[in-house]
1. Between residue B:55 and residue A:153, what FRET efficiency comes out of the Förster formula 1/(1 + (r/R0)^6) with R0 = 35 Å and r the beta carbon distance, rounded to 0.05?
2. Hey, got the average number of other protein chain Cβ atoms within 10 angstrom for residues in B:121-133?
3. So, with a 1.4 angstrom probe, what is the percent of accessible area on chain B that is carbon and sulfur?
4. Roughly how tilted is helix B:54-77, in degrees to the nearest 10 and between 0 and 90, from the longest Cα axis of chain B?
5. What total accessible area, in Å², is buried where chains A and B meet, using a 1.4 Å probe and rounding to the nearest 100?
6. Along each of the three principal axes of the Cα atoms of region B:24-84, give the extent in whole Å, ordering the values from largest to smallest.
7. Between residue B:76 and residue B:134, what FRET efficiency comes out of the Förster formula 1/(1 + (r/R0)^6) with R0 = 25 Å and r the beta carbon distance, rounded to 0.05?
8. Report the extension gain between residue B:166 and residue B:99 in nm, rounded to one decimal, defined as 0.36 nm multiplied by the number of residues separating them, less their alpha carbon distance.
Amino acid sequence: MSGHELHPLVKQLLDGDITLADLPAELRAEGEAALRLLAGVDRTDVSMPAVTWRVMAKLEGRRRRFLPWLLAPALAIAAALVIWLVPRTPAPASLVTVRFVLVAPDAKQVSLAGTFNQWDPQATPLVRAGAAGVWTATLTLPAGQHQYAFVVDGARWVPDPGAPAIDDGFGRRNSVLTL
Amino acid sequence: MQQGTGIAQRLAGRVPPQIASLVQELGTAASARGLPIDPLIDKAIEGSAKGVAPERVASAVRLVAMQLDTAATALRDGGLVADTLAIAAGEFAITAGLSGSDIKALARTGANAVALTVGLRVAGTLAALGVPPAEDIGLVSVALRSGEPVSALLSLPANVQSAIAKGATPAQAAAGLARAAAAQAAHGPPPDRGGGHPHLPHPPTPPHP
């Protein structure tokens, strides 16, 4: 499969820094398509029953930030296209709302496992949004450093190709999210 | 003993008995030396969740224990009094490809423990993005020395990614940001024109090929 890199101006559009009218004519179609993709994403929060919230109990405030977003490069991997969304202005010593999006048309189920849910592949399912194969989960995480991977169909651990990744010590890669 | 019981409770039902025993042993020893135990527990749980063979999980947990020791030593050599969060952040940075010397260099910036912890996490993230250690430590050091807020530090990986998306190599992106930040620190911040980050500069324009 081929990889796809969004133009920086299209990323600024998704960030809310510019409008569609600010884009050069040749980028407007790409911008419109990206906006349609984002608009089609289910914004319902996913509950995380297995998360240990003891860290959060120490936190003073709770902030939710949906925008602006930084849309990381969308890259193709196997049968899935993974997009990583993270707030661009995280709040230290606080909670940050992060949306994880996976475009995986052929997947029957997708979940998220990481340091924030004890690596439990059943704890945080992504919700399928529409027929385009977009899977999404919105989590509120404590500020700090988190590692994670997508779990496709309960068996395949897929790092987020749009995010930095490190060796997991087991021959695979973990994606890294620093809030 | 109480520490060991806590570890056992957190691992109960999540890892094989031999891994639980190993983590209990390593964790108790680590705790006695002022090291954090969460990274050991997390790695054991992660390995088991991924279906990794117990022998390999054991090796990975032992490696984490060694990296915690390396990070703690580097921080101490850099002048930071023991801080478990900073040590865990240092361990992450080592996993991402940095060395004890790199951690020591960041500790020597004189940043407080909170800022240094964030700086280590950011440095590790930059390393994971492919930024070489010299440029990585150079950029994070400038940011730490300038006393910028933690939010500015946290914006560095996104700024580097943005520059990479425009065609810069990770090294060029980080070096350019470090130069711009150093120049800004020397001459004072530019007037706020209502856009972008209020503290650290925008990513540099990548050089033409």
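1. Approximately 0.80, to the nearest 0.05.
2. Mean shielding count: 3.
3. About 56 percent, which is the carbon plus sulfur part of the accessible surface.
4. 50
5. 2600
6. 40, 18, 14
7. After rounding, the FRET efficiency stands at 0.60.
8. Extending this stretch completely gives an extra 21.2 nm.
The values are calculated or read from the model by the stated rules, or taken from the named source; none is laboratory data. All of these numbers come straight from a predicted model, not from anything done at the bench. No Cβ is skipped: glycine too gets one built from the backbone with ideal geometry, and neighbour counts run over all protein chains shown. Side chains included, ligands, DNA and RNA excluded: accessible areas come from the protein's heavy atoms. Shrake-Rupley method; radii C 1.70, N 1.55, O 1.52, S 1.80 Å.
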